[in-house]
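A.B. asks: I have a structure I would like to understand better, so I am pasting it below and will then ask my questions one at a time.
Only the coordinates and a few stated rules stand behind these numbers; no lab work does. Given the structure is predicted, the values throughout are model-derived calculations rather than measurements. Methodologically, a virtual Cβ is constructed for each residue, glycine included, from the backbone with ideal geometry; neighbour enumeration extends over all protein chains shown.
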Amino acid sequence: MEYVEIRGGKPLAGRVEIQGSKNAVLPMLAGCILHAGISRISHCPRIRDVFDTMELLEILGCQVWWEGDCLAVDASGVKSWQIPIQIASRMRSSILFLGALLGRMGRASLPYPGGCVLGARPVDMHLQAMEQMGARLEEKEGRIEAEAGALFGREITLRFPSVGATENVILAAVRGKGVTVIRNAAREPEIEELCRFFREKGADISCLTDGSIRILGGRELKDSRHELTADRIVAGTYLLAAAVTGGRVTLGRMPGQHMAAVLRILQQMGIYMEWQGADLRLDCRAKRKNIELLETEPYPGFPTDLQSPMMTLLAVTEGESRIRENIFDARFKTAAQLQKMGARIQVRGREARIQGVPRLKGSWVEAQELRGAAALFLAGLNADGITQIRNCQYIHRGYENICGNLRSLGADIRAVE
Ligand code: UD1
């Protein structure tokens with residue numbers, strides 16, 4: 001199996017262009033099957049989760065192809081409603097095909113989803129919402145079997161603003177009958193972008209002043225081309241990579257409007273940033289300040305997906321910092337790997353207390369999930385000596401050409417088969 005070897009200690013310098021957003025494109029790809037025609041998505045990242053979703057679309061009967069950086073999906077031939085376990089076990093986002101398949105086929109059969117292991121990740125809100133809209137659900141041998149002669153618009157109130165549940169309801173509602181209103185909907189930029197994607201296809205979707213989302217179902221959809229926004233989590237990861245190495249980096253195509261919470265924290269820590277159009281220039285050579293308490297929150301708060309990479313930065317920032325993880329209950333797994341590299345981190349429940357050390361030490365470490373893998377890459381870039389990261393396949397789920405990009409910024413990094 002592949003591992004990645006990093007000889008740390010080189011300040012990053014140069015320019016990287018930020019790829020299209022993984023979490024925005026995945027629900028859109030599920031949404032493509034609602035239209036018996038062609039949908040195009042440009043600036044689409046070439047990452048494992050997209051390749052897996054392409055495979056799934058083909059299994060369902062779509063034709064899928066690349067036109068440069070644009071992914072095209074022709075969903076006129078969708079004939080199956082069954083999602084095989086091999087694909088569902090790789091991607092949690094396979095659950096989004098529940099709403100999409102019910103909308104297109106009136107049926108869906110899928111296993112409980114896999115993806116990153118971040119503690120209990122139930123899908124109860126997804127299932128409840130589909131039932132409220134008129135679907136009959138059954139669990140048979142570990143699979144969700146769903147059927148709906150038709151889906152009906154309803155007022156759905158989520159008990160927590162779940163990103164996936166909000167997306168699933170939007171997908172189901174677009175082809176449903178009547179008006180659906182989602183109360184306590186997630187407000188992540190990826191939700192807003194999914195609504196834009198469907199509006200470009202002719203759907204009637206609006207965001208109400210209280211943050212609810214209103215969908216008038218049943219409008220005829222048309223062929224479309226959507227330009228994907230850059231990935232705010234990947235952008236944050238490169239920002240933090242520059243910071244852990246004390247480098248000077250320019251990030252192109254930055255989705256700055258969606259990153260206020262992250263940029264504010266980095267500014268507080270003493271990182272110098274300057275905008276030039278959509279380019280962000282960073283100078284991370286100054287001494288950094290610790291953060292007393294950083295809490296992850298639903299958007300527009302600090303994103304849970306950058307919590308582990310942020311932990312790496314705080315681990316090498318003088319003074320004591322604390323992180324409180326409010327979204328996923330088992331998202332501190334990377335702490336144990338960072339400890340192997342000399343980080344001083346104490347985890348108690350949902351809180352991690354980090355005592356900064358001057359520098360980490362190279363070691364063998366093991367990635368356990370996507371963003372944790374990114375945190376270990378950053379640790380390796382900072383560390384004295386050689387870091388070998390096992391189980392690196394996770395990183396390819398979300399980061400396009402990460403080794404090549406870091407090498408182009410001067411990092412000493414190589415993938416070993
Ligand atoms: C999405 C993102 C993920 C990000 C997360 C939070 C994608 C593909 N993934 O994941 O990168 O970390 O949002 O910003 O876009 N929950 C329930 N029942 C449900 C659904 C969720 O209890 O039916 C809980 C989860 O266990 C978790 C919380 O709600 O504690 C938030 O989860 P959710 O917003 O649904 O995250 P995902 O959509 O899985």
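A.B. asks: Tally up the residues in region 27-37 that are surrounded by fewer than 24 Cβ atoms within 10 Å (Cβ to Cβ) and assigned to a helix (DSSP H, G or I), please.
C.D. replies: Going through region 27-37 one residue at a time, the tally reaches 0.
A.B. asks: Let me ask something additional. Checking the condition hydrophobic (A, V, I, L, M, F, W, C), crowded, with 17+ Cβ neighbours inside 10 Å and at negative phi, which residue from Ile85, Ile41, Ile59 passes? Show your work before the answer.
C.D. replies: Working: Ile85 fails: crowded, with 17+ Cβ neighbours inside 10 Å; Ile59 fails: crowded, with 17+ Cβ neighbours inside 10 Å.
That would be Ile41, the only listed residue that is hydrophobic (A, V, I, L, M, F, W, C), crowded, with 17+ Cβ neighbours inside 10 Å and at negative phi.
A.B. asks: Would you say Gly410 is away from the ligand (no atom under 16 Å from the Cβ), farther than 23 Å from Asp49 by Cα and in a loop (DSSP other than H, G, I, E, B)? Walk me through how you get there before you give the answer.
C.D. replies: Values: away from the ligand (no atom under 16 Å from the Cβ): yes; farther than 23 Å from Asp49 by Cα: yes; in a loop (DSSP other than H, G, I, E, B): yes.
Yes; evaluated as a whole, the condition is true for this residue.
A.B. asks: Here's something else I'd like to know. If we only count strands (runs of 3 or more DSSP E) wholly inside region 326-406, which ones have 2 or more residues that are within 15 Å of Ser308 (Cα to Cα) and touching a residue at least 24 places away in the same chain (Cβ under 8 Å)? Before you say what the answer is, go through the steps one by one.
C.D. replies: Details: elements: 344-348, 351-355, 364-366, 386-390.
Because the criterion is at least 2 residues that are within 15 Å of Ser308 (Cα to Cα) and touching a residue at least 24 places away in the same chain (Cβ under 8 Å), the strands (runs of 3 or more DSSP E) in region 326-406 that meet it are 344-348, 351-355, 364-366.
A.B. asks: Next question. Filter region 290-305 for residues that are among the acidic types (Asp, Glu) and part of a helix (DSSP H, G or I) and give the result.
C.D. replies: Start the filter on region 290-305 by keeping residues that are among the acidic types (Asp, Glu), which leaves 292, 295, 297, 305.
Correct list: Asp305 only.
A.B. asks: Could you check region 233-278 and list, in sequence order, the residues that are without any contact (Cβ under 8 Å) to a residue 40 or more places away in the chain, surrounded by fewer than 18 Cβ atoms within 10 Å (Cβ to Cβ) and not in a helix (DSSP H, G or I)?
C.D. replies: Gly270, Tyr272, Met273, Glu274, Trp275, Gln276, Gly277, Ala278
A.B. asks: Looking at region 221-232, which of its residues are surrounded by fewer than 24 Cβ atoms within 10 Å (Cβ to Cβ) and within 16 Å of the ligand (Cβ to nearest atom)?
C.D. replies: Hits for region 221-232 are Leu228, Thr229, Ala230.
A.B. asks: Examine region 126-148 for a residue that is touching an Asp or Glu at 6+ places or on another chain (Cβ under 6 Å) and in contact (Cβ under 8 Å) with a residue 60 or more places away in the chain, and state whether such a residue exists.
C.D. replies: no
A.B. asks: May I pose another question? So which residues in region 38-67 are in contact (Cβ under 8 Å) with a residue 24 or more places away in the chain and assigned to a loop (DSSP other than H, G, I, E, B)?
C.D. replies: Across region 38-67, the qualifying residues are His43, Cys44, Pro45, Arg46, Ile47, Cys62.
A.B. asks: Here is a check on your reading of the model: is Asp52 under 22 Å from the mean Cα position of the chain (by Cα), of a type in the set (Asp, Glu) and within 13 Å of the ligand (Cβ to nearest atom)?
C.D. replies: Values: under 22 Å from the mean Cα position of the chain (by Cα): yes; of a type in the set (Asp, Glu): yes; within 13 Å of the ligand (Cβ to nearest atom): yes.
Considered against the rule, which asks whether it is under 22 Å from the mean Cα position of the chain (by Cα), of a type in the set (Asp, Glu) and within 13 Å of the ligand (Cβ to nearest atom), Asp52 comes out as yes.
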